[in-house]
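Read-outs: derived from the displayed coordinates by stated rules, not from any lab. The model shown is predicted, which means the values in this text are computed figures rather than measured ones. FYI the Cβ positions are ideal-geometry reconstructions off the backbone, even for glycines, and counts take in every protein chain you see.
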Amino acid sequence: MRICSRFFILLVTGYWLLVTGLSGCSPTYPKEKFEESIIKLCKDEYKLDVKVETVGKTVALYLPLNNLLDFTFALTPDAGEKINQVILNVTRAVLSTDAKYDFYCVIAHDVRIPEIQIVIIKSVEDVRRFLLGDISRGEYGKRMLIDMRIAPQAQKERAVKDVFDRMSIDKQWQEGVMQDFFMSDPATLGDVGYWGGKFYIKDVNLPEFLAEEMVSRIRLSFRDNKKLNNSLALKSAKGLYAAGTSSNDGSRYFSMEISAEPRATEGFNSKEASDELFAHALKASYDVIHGYRFGDFDYIEIKTLADGRSSRVLKEDIDNYKPRKTKIDDVMVFDSF
């Protein structure tokens with residue numbers, strides 16, 4: 001997704017405006033009025049109409065816009081500024097309330113094409129650390145999840161309704177079946193969205209957020225590293241965290257599946273190109289694990305779909321990994337799947 005650089009600057013630098021409001025004895029936005037406080041802030045300060053919903057320790061905010069995207073499907077400057085204004089307000093609220101929130105999610109869509117949404121997920125603790133100077137501006141920018149996607153619920157409902165229509169099922173029955181079986185809460189962060197006047201959100205937990213951040217950093221590697229991007233074209237990157245499942249003997253692990261195709265004719269037979277992809281994935285994993293001081297895992301699994309290579313990196317090897325010094329063959333054992 002293309003987002004203008006000015007939007008990123010607003011997202012990052014705007015938080016310095018909040019520093020002076022972090023002190024105080026009583027909460028500015030008490031938990032009893034938390035949701036309505038955000039709605040009022042956005043309306044009074046920026047004349048923006050938003051919806052707010054909380055689930056567990058996660059806050060979700062929905063912002064409809066008339067000009068989210070331009071004709072090239074890039075975020076418009078005006079939309080970027082409005083999204084930033086909303087983020088500033090929800091940040092003020094979560095940092096000045098007696099309720100405990102760990103994550104917040106902003107969902108924006110263009111009312112002309114509501115199927116397409118921009119979803120931004122941020123960690124409240126990352127915001128605090130940035131304001132206190134504990135993490136740099138560049139690092140902070142890598143810690144927010146930003147994705148433009150077709151609303152998952154919209155995709156699901158349209159696929160199911162197409163089946164219903166082909167089966168000539170009565171409309172009344174369609175709505176009942178849809179409500180009972182196909183309007184469930186999201187299972188992953190990739191399913192988060194807003195559709196049909198309803199939030200589809202989940203209580204975000206740290207491990208799943210870190211798994212998504214790992215693959216987000218891989219995408220950034222392709223965007224920022226010309227050598228990598230010139231040799232490989234990234235098609236997709238997926239991440240997950242699994243803990244205590246019967247299929248993995250109770251192990252806790254991160255898994256990344258990366259699909260990248262070679263730009264040159266020799267294809268993925270080039271071990272150098274494949275090794276470079278694994279090296280970037282390993283570096284992204286290390287940066288996230290090290291940056292968050294996260295230790296509740298046994299190993300990291302990295303798979304490249306194009307050539308069927310797979311490798312597991314144990315926690316102790318991640319702990320001892322030194323970027324630019326450790327060779328991937330010293331910490332990775334490659335297999336095929």
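One-quarter of the Cα convex hull surface for region 62-159, in nm²?
Values: hull surface 30.2 nm².
Mean projected area of the Cα convex hull: 7.5 nm².
Could you order the peptides 258-264, 204-210 from most to least packed, using the average number of other C-beta atoms within 10 Å per residue?
Numbers: 258-264: 16.4, 204-210: 19.4.
Ranked by mean Cβ neighbours within 10 Å, highest first: 204-210, 258-264.
Can you give the extra length, in nm with one decimal, that the chain gains between V111 and Y46 once fully stretched, where that is 0.36 nm per residue apart less the Cα-Cα distance?
On the way: separation 65, 0.36 × 65 = 23.40 nm, distance 1.86 nm.
Extra length from V111 to Y46 when fully extended: 21.5 nm.
Spin-label point model (7 Å from Cα, Cβ direction): what's the D224 to F294 distance in nm?
Once both label points are built, they end up 1.8 nm from each other.
Work through the residues other than A187 whose Cβ is under 11 Å from its Cβ and net out their charges, Lys, Arg +1 and Asp, Glu -1.
On the way: positive: K202; negative: D185, D191, E208.
Once all neighbours under 11 Å are counted, the net charge is -2.
Would you mind computing, in nm to one decimal, how far apart the modelled labels at N320 and R137 are, each placed 7 Å from Cα along Cα→Cβ?
About 3.9 nm separates the two model spin labels.
Any idea how far apart S251 and R128 come out in nm if each label point goes 7 Å out from Cα toward Cβ?
3.4 nm
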